[in-house]
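Quick notes on the structure that follows.
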Amino acid sequence: MDVAGEAGGVTRAPELCGAAQAAMVRAEAEIRVQQKRFSLARDFGEADRLVAQAHLAAERCAGRARAARDRARERASRELDDLQAWVARVTSLARHAPGSAMTRDALRQAAIGLGEGRTSFAREQFERASDAAERGRAAVTMAVDDLDRFFSEFLASPRRGLWRRWVDETLHESRRQGAAVILVDKLRRQLLVMRGDEEVASYPVDLGAGGMDSKTHAGDAATPEGRYRVTEVRGPGQTHYYRALLIDYPNAEDRARYRKLVRAGDVSRRQGIGSLIEIHGQGGRDQDWTEGCVALVNGDMDELTRIARVGTRVTIVGAIPEGAIP
C-alpha cells in the first residue's frame with residue numbers, strides 16, 4: 001500500500017484505495033487464522049490469493065492517484081501562473097487610479113493567496129495550491145470591480161467636457177500650423193506627440209505623487225491640467241533629471257482657479273500656487289513619484305527633445321475622451 005500512499009491515493013482515489021485496504025484486511029485475517037492452526041494443517045493459499053488481490057487493488061489505486069495527482073499539478077500550475085499574471089496586471093492598472101483601501105486590501109489578499117499556493121505547490125499539495133489560487137482570484141476580482149467603479153466615475157467627470165475642448169483646440173492648432181503638439185493623458189499615464197491627426201510618438205510616463213489629482217497649490221505633488229507651452233528646453237547639466245522641457249505653469253487660467261480656491265478657503269494663500277513644472281527624464285519607475293512633473297525614461301526624453309522646441313503646445317488632461325483623437 002506504500003505506493004498508493006505516496007501518490008495520495010486515500011484522497012485522490014478513495015474507492016480503489018478502500019477496496020485495496022479491505023482486501024489487505026481480509027488477507028491479514030486469513031493469515032492469522034492459518035497461523036493458529038497446527039503447522040501441518042496450515043494452508044496459506046487463500047491468504048496468498050487475498051494478498052495478491054490487495055496488491056493489485058493497491059496498484060490500481062496508485063495508478064488512479066498518480067493520474068489525479070498529475071492533473072492536479074497541471075491545474076494548480078496553470079491557475080497559479082494565471083493568478084500571478086492577473087496580480088501583476090491589476091497592480092499595474094491600480095497605478096492609474098487613486099488606490100482605495102478596498103483595492104489595496106484585495107491585491108494584498110491576492111498576493112497572500114499566490115504565496116500560499118506556491119508554497120503548497122512546492123510541497124506537492126496541489127489541491128491545496130488550487131484552493132489558494134481560487135481565493136487569490138476572488139480577491140483580484142474584487143480589486144477589478146473597485147477599479148471599474150473608479151474608472152467609470154472618473155470618465156464621467158464634469159471636467160470631461162473641458163478636457164475634450166482642450167484636446168480639440170490643441171489638435172486644431174496643430175493642423176493649422178503643421179506643428180507637433182504634446183498631449184499628456186494622466187489616466188493612461190501616456191504622452192502622445194501629435195502632428196495634426198497623425199500620432200508621431202507615444203511614451204509611458206510617471207506623474208506627480210498626487211496621482212490623478214489636479215494641481216491646486218505648491219507642495220500638493222499633483223500634476224497640473226491645462227493648456228501650456230514649452231518655455232525652455234534643458235539639456236544635461238541644466239536640470240536634475242537628465243533633460244527637461246519647462247512649461248509655463250502657472251498660466252492665467254491656473255492663477256484664476258487658484259484665486260477662486262483661496263477666496264473659498266479651500267487653499268491657504270501661504271501655500272502658494274507652485275511653479276517649475278517640467279517634462280523630464282529619469283522616469284520609468286512604474287510609480288508616481290515626482291513633485292508634479294511628467295517623467296519619461298531618458299531614451300524617450302532624447303527623442304522628445306529632438307521634436308519639441310520653445311513654444312511647443314503641451315496639453316495635460318485627466319483623460320483623453322473617447323473619439324477626441326481621430
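Observations on the model:
- Residues of segment 263-277 that turn out to be surrounded by 12 or more Cβ atoms within 10 Å (Cβ to Cβ) and either basic (Lys, Arg) or not assigned by TED's automatic domain parsing to the domain that holds Leu246 (or both), as a count: 1
- Filter pass, Arg309 being in the same structural domain as Gly178 (by TED's automatic domain parsing) and either under 19 Å from Leu207 (Cβ atoms) or in contact (Cβ under 8 Å) with a residue 60 or more places away in the chain (or both): yes
- Within segment 92-138, considering residues that are in a helix (DSSP H, G or I) and polar (S, T, N, Q), the one surrounded by the most Cβ atoms within 10 Å (Cβ to Cβ): Thr103
- Yes/no for Ala221 being among the small types (Gly, Ala, Ser) and crowded, with 22+ Cβ neighbours inside 10 Å: no
- Residue match in segment 178-188 (condition: in the same structural domain as Ala72 (by TED's automatic domain parsing) and more than 15 Å from the chain's Cα centre (by Cα)): no
- Evaluation of Leu171 against the conditions (1) at pLDDT 95 or above; (2) within 25 Å of the chain's Cα centre (by Cα) shows that the sole unmet condition is (2).
- Pick from segment 189-209, criterion outside any strand (DSSP E or B) and surrounded by 16 or more Cβ atoms within 10 Å (Cβ to Cβ), ranking: modelled with the lowest pLDDT: Ala209
Conditions (1) more than 30 Å from Val317 (Cβ to Cβ); (2) modelled with pLDDT under 70, marked per residue:
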site: Asp43; (1), (2): yes, yes
site: Ala62; (1), (2): yes, yes
site: Glu79; (1), (2): yes, no
site: Trp86; (1), (2): no, no
site: Pro98; (1), (2): no, yes
site: Ala106; (1), (2): no, no
site: Gly113; (1), (2): yes, no
site: Glu127; (1), (2): yes, no
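- Applying the set (1) at negative phi; (2) not assigned by TED's automatic domain parsing to the domain that holds Lys215 to Asn251 leaves exactly one unmet item: (2).
- Condition check for Asp213: in contact with a helix residue (DSSP H, G or I) (Cβ under 9 Å, 6 or more places away or on another chain) and either among the acidic types (Asp, Glu) or surrounded by fewer than 15 Cβ atoms within 10 Å (Cβ to Cβ) (or both): no
- Residue check for Arg165: closer than 14 Å to Ala324 by Cβ, under 19 Å from the mean Cα position of the chain (by Cα) and surrounded by fewer than 18 Cβ atoms within 10 Å (Cβ to Cβ): no
- Segment 147-167, subset assigned to a loop (DSSP other than H, G, I, E, B) and free of Cβ contacts under 8 Å to residues at least 12 places away in the same chain, residue farthest from Val87 (Cα to Cα): Pro158
The values are calculated or read from the model by the stated rules, or taken from the named source; none is laboratory data. Bear in mind the structure is a predicted one, so any value in this text is a computation, not a measurement. Cβ sites come from the backbone with ideal geometry, for glycine too, and all protein chains shown count toward neighbours.
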